[in-house]
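Report on the structure given below.
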Amino acid sequence: MTKLQTETIAELMAHFGGEVLLPDSTDYDEVRQVWNAMIDRRPALIARASSPEDVVRAVKFARKHALIVSARGGGHNIAGNAVCDDGLMIDLSLMKRVQVDPGARRAEVEPGCTLADFDAVAQGHGLATPLGINSTTGVAGLTLGGGFGWLSRKYGMTVDNLLAVEMVMADGSQLRASASENEDLFWGVRGGGGNFGIVTSFEFQLHPVGPQVLSGLIVFPFAEARTVLTQFARFTETMPDELNVWMVTRKAPPLPFLPAEVHGKEIVALAICYAGDPAEGEKLIAPLRGFGKALGEHIGVQPYVAWQQAFDPLLTKGARNYWKSHNFARLSDEAIDTIIEYAGKLPSPQCEIFIGTIGGQTTRVAPDAMAYSSRDAKYVMNVHGRWESAAEDEQGIAWAREFFRKAEPYASGGAYINFLTQEEGDRVAFAYGPAYKRLVEIKKKYDSTNFFRMNQNIKPQ
Ligand SMILES: Cc1cc2nc3c(=O)[nH]c(=O)nc-3n(C[C@H](O)[C@H](O)[C@H](O)COP(=O)(O)OP(=O)(O)OC[C@H]3O[C@@H](n4cnc5c(N)ncnc54)[C@H](O)[C@@H]3O)c2cc1C
């Protein structure tokens, strides 16, 4: 340990309410390890904040000692910017309070909450806001990049439901941003990621949801991929906002409702959620069963919180993950052909190509209303490379990159900032499109020294 660290750690610890971890602390390795095992960084210190005041202390400390800072919410981001080498990682995962005002249908959520933490409390009141589809994801990073999931067609992006944030800025001051306070900052945080400061509280609009929803999977053989995908593409263009259907093609996991001989073979699955009266939903999803000769299905009325966790077993922490992503306004026949070609050569049993369907309410907000501006995106494709050992990196990455390039001509432009990897810093301006120029101005105003740069960085120049 250097002299600087020895002297300064005591200074930070003296007033810190949470925990300060050093490389030799018991929990250090567990806390520094993020979801994507390809990221292996070692911060000099980890400050596990327990309050906004702790975040202020940590920011001021890092500033004083010229340490690079990273902020960790759920630690899920593929690029791994939640953890830095040799700097100060501010871990917010101990800050997990969720407070719901059921009358006003509003929730105040601390930045360490996972989607499961938030959903559990909100659903206690029969309420929810659009979040992602893997319950261990952090609310903080998901929201700051835009956020979408099963409810987005009906209620918009997560950021469309964000009412206010409390933040710690680069100089350690605290600010509130909303439609009527620091409006430019509020415009920027709704999609601009962690570029402007550390959010210590999010306030969301909630909506009545479930608590039981019609949801589940229908699985088709890969041999029928073309007809299934073509019908999926046309069906999703006109379905009502309450209904959402996503497509995933991968090798079948050993799901009990699939015949054993299908396990490990390529399949096409439709994942369905109806955020309305289940009886009405049953009628609307009936045509999906006719898209092909299904291998099996598992659809029923279940708690919304259970459906929010349905994909968790396939998306556990600790595997090596490499992603590529495009937005689409429409899934053309050529795009479908390309998807099928690359789904036919998946480099590992855990790789998948998924199409997250948005549209509906997400497209009815003006593109200049906030930093998230991809309002023409009706589908977000994720090429999800995933495997266990570093020896598989080369082949898996090559597959994802090649597919990404081949699919590019059919994409609509822009990109989902939350799906960019660490090597895609040069795609940040492209991802934001017309919003980027204003984001640079806001960055200049609120973080002119680029103190917060462990993110998909908007440079203040
Ligand atoms: C398995 C899986 C499934 C996913 N599914 C979806 C989905 O359905 N829909 C969707 O929209 N996205 C989805 N995502 C993407 C997800 O939204 C991003 O990975 C998001 O960044 C995760 O947030 P986090 O808090 O867990 O991440 P972290 O890695 O902790 O944080 C990501 C970045 O956000 C910033 N940040 C975090 N907390 C704060 C804070 N309090 N203040 C300021 N900046 C902060 C930092 O720059 C940090 O580097 C998924 C990701 C995974 C891994």
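Below is a table of values for the structure above.
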item: Karplus (6.51, -1.76, 1.60) ³J(HN,Hα), θ = phi - 60°, over segment 103-111, in Hz, Gly and Pro reported as x; result: x, 7, 6, 10, 9, 9, 10, 7, x
item: Karplus-derived 3J(HN,Hα), 6.51/-1.76/1.60, for each residue of segment 30-37, Hz, glycine and proline x; result: 5, 6, 6, 7, 8, 4, 8, 5
item: Computed over the chain, the ratio Rg/Rh where both radii use C-alpha atoms and Rh is Kirkwood; result: 0.96
item: For PHE204, PHE186, order by how many other beta-carbon atoms lie within 10 Å, fewest first; result: PHE186, PHE204
item: Two-site FRET efficiency, GLU237 against LYS459, from Cβ-Cβ distance with R₀ of 51 Å, rounded to 0.05; result: 0.85
item: ASP27 versus ALA286: modelled label distance in nm, points set 7 Å from Cα along the beta carbon direction; result: 5.4
item: Selection from THR6, ALA269, THR136 lying farthest towards where the dipole of the chain points positive, charges on Cβ; result: ALA269
item: Contact order relative to length of the chain, as percent, for alpha carbon pairs under 8 angstrom and 6 or more apart; result: 16
item: In range of the label at LYS293: residues from segment 270-284 whose backbone nitrogen is under 20 Å from the point 7 Å along Cα→Cβ; result: 270
item: Net +/- balance of residues flanking PHE354 in space, Cβ distance below 13 Å, scoring K and R +1, D and E -1; result: +2
item: Tail weight of P(r) past 16 Å, computed on alpha-carbon pairs of segment 194-309, percent; result: 64
item: Full-extension gain in nm, LYS60 to GLN205, via 0.36 nm per residue minus C-alpha separation; result: 49.0 nm
item: Label point distance in nm, ASP426-GLU183, each placed 7 Å from Cα along Cα→Cβ; result: 3.8
item: Count, lysine Cα pairs under 19 Å in segment 343-461, 8 or more residues apart or across chains; result: 6
item: DSSP bridge pairs, the chain: antiparallel proportion in percent, nearest 5; result: 90
item: Among 179-185, 62-68, the order from most to least packed when residues are scored by Cβ within 10 Å on average; result: 62-68, 179-185
item: Loop-located trypsin sites (Lys or Arg not before Pro) in segment 297-357 whose Cβ has at most 16 other Cβ within 10 Å (DSSP); result: LYS317, ARG330, LYS345
item: Share antiparallel - DSSP beta bridges, segment 6-94, percent rounded to 5; result: 25
item: Cβ-Cβ FRET estimate between SER389 and HIS263, R0 fixed at 22 Å, reported to 0.05; result: 0.55
item: Simple spin-label estimate for VAL365 and GLU334 in nanometres, 7 Å along Cα-Cβ; result: 3.1
item: Relative contact order of segment 141-247, defined on C-alpha pairs under 8 angstrom at six or more residues apart (%); result: 28
item: Highest average packing first - 299-307, 113-121, Cβ atoms within 10 Å; result: 113-121, 299-307
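Throughout, read-outs are computed from the coordinates displayed, never taken from laboratory work. The structure presented is a predicted model; accordingly, all values stated were derived computationally and were not measured. Please note: Cβ atoms are built from the backbone with ideal geometry, for glycine as well, and neighbour counts cover all protein chains shown.
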